[in-house]
Amino acid sequence: MESRLIEILGSGCAKCEMLAKHAEQAAQELGLDYAIIKVKDPVAIVRRGVMQTPALVVDGRVKLQGRVLTAEHLKEYLR
Amino acid sequence: MVPEPSRRVLYATGALLGVAAWWLVYRSLEPFGQWLAYRILGLGRGSRAGSAVAFFAFETPKVLMLLAVVVFGVGVVRSFFTPERTRAVLAGRRESVGNVLAALLGVVTPFCSCSAVPLFIGFVTTGVPLGVTFSFLISAPMVNEIALVLLFGLFGWKVAALYMGTGLLIAIVAGWIIGRLKLERWVEPWVYATAGGPATAGTDAPLTWGERAELGREAVRDIVGKVWPYVLGGIAVGAAIHGYVPQDFMAGIMGKGAWWSVPLAVLLGVPMYSNAAGIIPIVQALLEKGAALGTVLAFMMSVIGLSLPETIILRKVLTIPLIATFVGVVAAGILVVGYVFNLVL
């Protein structure tokens, strides 16, 4: 099984929670070995060069900023 | 496989037909509203209930249709801008030019108040002056495409242009004033101690038009999907005012003669928060009943430009004196605009 570190950057508003939920669902459907971490600290978020939350970071690379996609669409970013 | 040129012709024709259909439906809405109220429901012409229902039946689909189109269009325009690019443009700029650019970019850069904190930190730690950052933060929520389109749809391009012009002016001047006051010491100290993040964050591949259209559609689903209850609520209130409040009732309280109407409008508006879609129908009804344009615009700007949720979010990075100054300067600007309009128009 492939493994992925998935980080959801955001201060915890509804959009961030939805992104986290969809990302988890996508990872499960892809059969990945994954860990999801929610990064809420604004300093940590800025340190990644992200200014638009929610953001999706996979294995340290920022894949998506400022949008919430369905689990189906997120799969492409998690492969 | 359909060859490329005919595919494009197909899309273009489809788009033109779509626009024509939209326009036809749009033009039939007012007669529809009256038909529904007076023919179907049998309410009397000139009756208050009839008036209110016709207003509601006309305005609801009209506003939603306008919204869908404009949110889509703005979603596509926004796909050309990112906070990262805006930051790059603004970093190290001289104050006055920077304030103007920041206010203009605030209109087109995608911005959600939940990102206010990372965006603020990202800007001020990479050489964007504090005042310039504030110009951006003021214009982003206030000069709002929803507000503009609704104002245009309901009152014509002059009022919409006026709103946009004065909104930008307030953003520029308020940001400039805050910059001149040298209030960096009132930013939470840990903010400046944060080292700036990497220069780019990886998602800058150029988008195709198909992807941009998808972003437009997403924006419509997200925004209209979230906002429509407020639109309905606002139109319902507007319909009630339209049908039941006597003509010129507002002239006494919010009309030109009452000098205290502008400060009252700002005072009421600042703690209130509504999205633009909900408040515009109320604005329309107030204007119809004799409220002065300056007072009503001041009210609207205070409601959508200064929001309690956003100031609470900004409390993470701004000390209370700075928040108070920010709110005070913007409120003062809105006040001046309100008075000037009442005097001039």
Residues whose placed amide H lies under 5 Å from that of residue A:63, excluding near-sequence neighbours: A:56, A:57, A:58
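Quickly estimate the mean residue ellipticity at 222 nm for chain B, helices only: each DSSP H run with n ≥ 4 gives -39500 (n - 2.57), and the total goes over all residues, rounded to 500.
Details: 18 runs with 249 residues, N = 345.
Taken over chain B, the calculation gives -23000 deg cm²/dmol.
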Among B:81, B:134, B:58, which one shows the highest mean-square fluctuation when chain B is modelled as a Gaussian network with alpha-carbon springs under 10 Å? B:81
Of A:3, B:96, B:79, how do they rank once you tally other Cβ atoms within 10 Å and put the fewest first? A:3, B:96, B:79
Just check the stretch B:120-240 against the gyration tensor rule for me: Cα atoms, a ≥ b ≥ c as the square roots of the eigenvalues, rounded for a/c under 1.5, and otherwise prolate or oblate depending on whether a/b exceeds b/c. oblate
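Taking each residue in A:8-14, count the Cβ atoms of any other chain within 10 Å of its Cβ, then average. What number comes out? Don't skip to the end; give the middle numbers.
Working: counts 0, 2, 3, 7, 1, 5, 2.
Per-residue shielding by partner chains comes out at 3.
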Restricting things to alpha carbons, find the Rg to Rh ratio for the stretch A:18-79 using the Kirkwood radius for Rh. 0.95
What lysines could a cross-link reach from residue B:182, if we take a straight Cα to Cα line under 29 Å and drop same-chain neighbours fewer than 8 places away? B:316
Go through the protein assembly as shown and flag any cysteine with no other cysteine's C-beta closer than 4.7 Å, please. A:16, B:112
Would you work out if the stretch B:1-124 is rounded, prolate or oblate? Take a ≥ b ≥ c from the square roots of the eigenvalues of the alpha-carbon gyration tensor; rounded if a/c is under 1.5, else prolate when a/b is larger than b/c, oblate otherwise. oblate
Listed peptides A:24-37, A:65-78 by packing density, highest first (mean Cβ within 10 Å): A:65-78, A:24-37
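Just checking the output field for B:109-115: average partner chain Cβ neighbours within 10 Å of each residue's Cβ?
Working: counts 2, 4, 3, 6, 1, 11, 15.
Mean shielding count: 6.
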Let me know the mean shielding of B:216-222 by other chains, meaning the per-residue number of their Cβ atoms within 10 Å of its Cβ. 1
Straight-line reach check, residue B:158, cutoff 27 Å on alpha carbons, 8 or more apart in-chain or any other chain, hits among lysines -> B:62, B:256, B:289
Any chance you could count the Lys pairs in the stretch A:3-78 whose alpha carbons are under 17 Å apart, treating pairs 8 or more apart or on different chains as valid? 9
Looking at the square roots a ≥ b ≥ c of the eigenvalues of the Cα gyration tensor of chain B, which shape do they give, rounded for a/c under 1.5, prolate if a/b is larger than b/c, or oblate? oblate
Gain in span if fully extended, residue B:249 to residue B:13, counting 0.36 nm per residue against the direct Cα distance: 80.0 nm
Rg and Dmax of the stretch B:252-338, Cα atoms, in Å? 13.5, 42
Fraction of alpha-carbon pairs in the protein assembly as shown farther than 31 Å apart, rounded to whole percent, equals 46
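None of the figures in this text is laboratory data; all of them are computed from the coordinates on show. Predicted model only: the values in this text are computed from it and were never measured. Every residue, glycine among them, receives a Cβ derived from its backbone with ideal geometry; neighbour counts consider all protein chains shown.
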